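Q: Take a look at this one; I'll ask things after.
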């Protein structure tokens, strides 16, 4: 499987991924991602070069967004002073579920963070999605704290404030990295 930068033509697939994930999460009893994500905001992240796609032949198997910017109000000034990449919108197609693709993508992200001289790979997860929190803990993240106060980026109440981090480090992930800083690093 190859990892590439997303392009504007991927927007419909990414929006469909989000709907598929929201439906699956709803079946699991969580309201995570139940609010529609604005297509213009997603397109802006694609154009900024922070959205990555895992392609299995002609099929898009997963996506992840990695950015050096954190959502306001989550991390302390001290934490924000440390070189970090932040994980957002990690989504695996249901067709590729159960193959540890999400775990491999997190390893790729930690490896990429390391290669860009970041100290940390950090994320914020849905505060009520305990299964997702356990998933991240299983994949080497440590819970930092849970932030419940404040307003989210979209203007609604904060719902994604479970903060976790893992050290940026080289990692075996088995993905062929075809991104500009990937240097075809397929470890």
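Q: In contact with a strand residue (DSSP E or B) (Cβ under 9 Å, 6 or more places away or on another chain) and more than 23 Å from residue 42 (Cα to Cα) - does that describe any residue in the range 60-75?
A: Keep residues of the range 60-75 that are in contact with a strand residue (DSSP E or B) (Cβ under 9 Å, 6 or more places away or on another chain), which gives 60-75.
Filter once more, so that each one left must be more than 23 Å from residue 42 (Cα to Cα): none.
Checked against the condition, which is being in contact with a strand residue (DSSP E or B) (Cβ under 9 Å, 6 or more places away or on another chain) and more than 23 Å from residue 42 (Cα to Cα), the range 60-75 yields no hits at all.
Q: While we're looking at this one, here's another question. State yes or no: is residue 116 closer than 19 Å to residue 168 by Cα and modelled with pLDDT of 95 or more?
A: Numbers: closer than 19 Å to residue 168 by Cα: yes; modelled with pLDDT of 95 or more: no.
Answer is no for this residue.
Q: Considering only the range 140-147, I want to know if a residue exists there that is modelled with pLDDT under 95, in contact with a strand residue (DSSP E or B) (Cβ under 8 Å, 6 or more places away or on another chain), over 22 Å from residue 55 (Cα atoms) and part of a strand (DSSP E or B). Let's see the steps before the verdict.
A: Keep residues of the range 140-147 that are modelled with pLDDT under 95, which gives 145-147.
Okay, now just the ones that are also in contact with a strand residue (DSSP E or B) (Cβ under 8 Å, 6 or more places away or on another chain), so 145-147.
Add one more test, that the residue is over 22 Å from residue 55 (Cα atoms), and what stays is 145-147.
Remaining after also requiring part of a strand (DSSP E or B): 145-146.
Checking the range 140-147: at least one residue is modelled with pLDDT under 95, in contact with a strand residue (DSSP E or B) (Cβ under 8 Å, 6 or more places away or on another chain), over 22 Å from residue 55 (Cα atoms) and part of a strand (DSSP E or B).
Q: Within the range 41-75, track down each residue that is surrounded by fewer than 16 Cβ atoms within 10 Å (Cβ to Cβ) and either more than 15 Å from residue 102 (Cα to Cα) or modelled with pLDDT of 95 or more (or both). Before you say what the answer is, go through the steps one by one.
A: The first filter runs over the range 41-75 and keeps only residues surrounded by fewer than 16 Cβ atoms within 10 Å (Cβ to Cβ), leaving 41, 44, 47-49, 56-59, 68-69, 72-73.
41, 44, 47, 48, 49, 57, 58, 59, 68, 69, 72, 73 - these are the residues of the range 41-75 that are surrounded by fewer than 16 Cβ atoms within 10 Å (Cβ to Cβ) and either more than 15 Å from residue 102 (Cα to Cα) or modelled with pLDDT of 95 or more (or both).
Q: If you check 121, 137, 101, which single one turns out to be surrounded by 17 or more Cβ atoms within 10 Å (Cβ to Cβ) and closer than 21 Å to residue 160 by Cβ? Steps first, please.
A: Numbers: 137 fails: surrounded by 17 or more Cβ atoms within 10 Å (Cβ to Cβ); 101 fails: closer than 21 Å to residue 160 by Cβ.
Exactly one of 121, 137, 101 is surrounded by 17 or more Cβ atoms within 10 Å (Cβ to Cβ) and closer than 21 Å to residue 160 by Cβ, namely 121.
The values are calculated or read from the model by the stated rules, or taken from the named source; none is laboratory data. Since we're looking at a predicted model, the values are computed, not measured. As a convention, Cβ positions derive from the backbone with ideal geometry for all residues, glycine included, and neighbour counts pool all protein chains shown.
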